[in-house]
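Read-outs throughout are calculated quantities, based only on the coordinates presented, and are distinct from any laboratory measurement. What you see is a predicted model, and the numbers here were worked out from it, not measured in a lab. Because the Cβ atoms are built from the backbone with ideal geometry, glycine has one as well, and the counts that use them run over all protein chains shown.
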Amino acid sequence: MGGLGTRSARLGTGEPVTVGIRPEHLGLKHPGDVAVEGTIILVEYLGSELFVYAKLADGESLLAQAPGNAPFKRGAYFA
């Protein structure tokens, strides 16, 4: 796994953190390249793009941005 540098954070080893990733920096990959799994809970169509809201297998939430014609459906499982 990679790492993430911080300038002024004072975190102890093993302390939980929350990381935000902009939805446009997430994307779909070919089978075998996927790093997370979960269930789509909402698809928000915004014309030329859409937001996909998902609940990951570990209980965390995820928001991803995709092209407006992407075939996502509420309740679908991804892995």
Note the full-extension length gain between Ile41 and Leu26 as 0.36 nm times their separation in residues minus their Cα-Cα distance, in nm to one decimal. 3.7 nm
Are there trypsin sites (Lys or Arg not before Pro) in the stretch 30-79 that DSSP puts in a loop and that have at most 14 other Cβ atoms within 10 Å, and which ones? Lys73, Arg74
